[in-house]
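Heads up: the structure comes next, in structure tokens.
The values are calculated or read from the model by the stated rules, or taken from the named source; none is laboratory data. Note that this is a predicted model, so its numbers are computed, not measured. Neighbour counts are summed over all protein chains in view; Cβ atoms, including those assigned to glycine, are modelled from backbone coordinates with ideal geometry. All accessible areas refer to the heavy atoms of the entire protein, side chains included, with ligands and DNA or RNA removed. Shrake-Rupley method; radii C 1.70, N 1.55, O 1.52, S 1.80 Å.
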Amino acid sequence: MAQPNVIDIAEVVETQEKSWFATSTFVLCCLVMLVDGFNQQSLNYAAPAIIKDWGIKPELMTWAFDINIFGWMLGSVGFSMLADHIGRRKSILIAVFIFGIFTVALPLASNLVELSVIRFISALGIGGGMPMAIALVADYAKTKSRGFKITLLYLGYTMGSSGGGFLARALTPVYGWRSIFIVGGIVSLVIGAVLLVTLPESPRYLALKRAAQNRILAIARKLKPRAAYDSETHFVIRESERKGVPVTHLFTEGRSPMTILLWLALGFSFVTHFFLSAWIATLYSEYSHQMSIADAQLTSALFQMGAAFAWCVGWLLDKRGIPAVTTVMLLGAIPVALLGLVDAGTFVTMVLALISGILVLGGGIGLNTIAGMVYPTFIRSTGTGAAFAAARIGALLGPAIAGFLIHLYVPLSSIMLIGALPMIAAGVATFMLEKSMTPDSAREMASKSALARH
């Protein structure tokens, strides 16, 4: 009997040919990010109109913002651990259908309690979609371009998060704030149906779980159409699966300092991120009355649009390594502070919001990219999701801090200055993160990149 031809599936991925299959998989993950981004930011865009419609104090929205982020945090951990057991594909589908269904249900809410409960369930799915899409793209990407591809993936998120602001600006005056959630939910369900038919599983995951060889063979042939793979080809992955709770492996084999510093860096950056994402529209409309609701929604959309430039951070990460992200994080504090210190009219405020988005969101996306690169396949989903969940602690604090300052009637200039400070702490944590990398993680990031020359 002929011996099977044993092939490492990681080598197939590294040597894959340009193909529509790889491109379409990336596009499908971008669609996940698009609806994830839209639905995550939809509450922030609707908030000023909800406050006005229900006649509530602005600071009361803090509860809805934080329960949204808490659900997002639980979803990040839960779906990430689930994905390491049932696969990336199934987890993405469950997440998308959960937030699609419950986003459509949000307009049924008639008070803040009902809104918060429905939003919490929706946020569980929103929290699961993004890390799973990142893990799937990372599993399909070549090492040399993984950082760039993951940050490019965030263009999908940006289209959803910032595009939602432009859509909210158009829909709210005519159809009311409920229309934002109806549109977001329906689009999510349509995209979920597309994913159900077309989204593939990770070949690395299938090899690790010793799935049926014909499933892996079908993917390998699509990645390398000209390769002579046949039924005698046996695909493996040169990586062992560990037993036990996946999250515990984030703190074994020397990964503890790296994991903790990654969480701290993301956590601090998310304080500023969600400080602004949740409140910038309300701060400039219902709090300071410097803008109309429509202009405030546009300002918030421009902040989100800054993430569209995150591909630059990914390119710098592949070329220059973690120090590039450190620099971006530190620079991010400047325009955020200027948002409150410079009062030069609506146009200047919008420009500063865009620059803040480029640096704050770009730096955060750079850290998310690092999270998708430094862990091995068997805990990549868990590592990415756990980092997201830890970051959500900062995301919880950001809106809460802003809400408390609003309750105290703190001037806008001081609110923005306080909101800028966590970016400095994030920069310091990112600097220390580079020094704490395990040899295996450093080799993973350094492979075929400028980081190898450091």
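Which whole number in µm²/s is D for region 324-379 by Stokes-Einstein, with the Kirkwood Rh taken over Cα pairs at 25 °C and 0.890 mPa s?
In µm²/s, the coefficient is 196.
Put a dot 7 Å past each Cα toward the Cβ at LYS144 and ARG215; how far apart are the dots in nm?
Calculated label separation equals 3.2 nm.
From zero up to wherever the largest Cα-Cα distance of the chain sits, split into 10 Å bins and tell me the percent of pairs in each.
5, 22, 32, 24, 12, 4, 1, 0, 0
Please give the length that would be gained between ASP8 and VAL197 if that part of the chain were fully extended, namely 0.36 nm times their separation in residues minus their C-alpha to C-alpha distance (nm, one decimal).
Additional length available on full extension: 65.3 nm.
So, in nm, how far is label ILE86 from label GLU232 when the simple model puts each one 7 Å beyond its Cα toward the Cβ?
If labels sit at ILE86 and GLU232, their model points lie 3.9 nm apart.
Ignoring ligands, DNA and RNA, please state the percent of accessible area on the chain from carbon and sulfur, probe 1.4 Å.
The C+S portion of the solvent-accessible surface of the chain is 69 percent.
Classify region 173-292 as rounded, prolate or oblate from the Cα gyration tensor: take a ≥ b ≥ c as the square roots of its eigenvalues, call it rounded if a/c is under 1.5, otherwise prolate when a/b beats b/c and oblate if not.
The shape class here is oblate.
Angle check, please: helix 346-371 long axis (alpha carbons) against the longest principal axis of the chain (alpha carbons), in degrees 0 to 90, nearest 10.
Approximately 30 degrees, to the nearest ten.
For the chain, what is the accessible area per residue in Å² when the probe is 1.4 Å?
On the way: 16980 Å² over 454 residues.
Roughly 37 Å² per residue, with all protein chains present.
I'd like the FRET efficiency for ALA294 and SER256, computed as 1/(1 + (r/R0)^6) with the beta carbon distance as r and R0 of 51 Å, rounded to 0.05. Could the numbers behind the result be given before it?
Working: r = 48 Å, r/R0 = 0.95.
Taking R0 as 51 Å, the efficiency between ALA294 and SER256 is 0.60.
What's the FRET efficiency of LEU60 with VAL174 using the Cβ-Cβ distance as r and R₀ = 25 Å, to the nearest 0.05?
Approximately 0.45, to the nearest 0.05.
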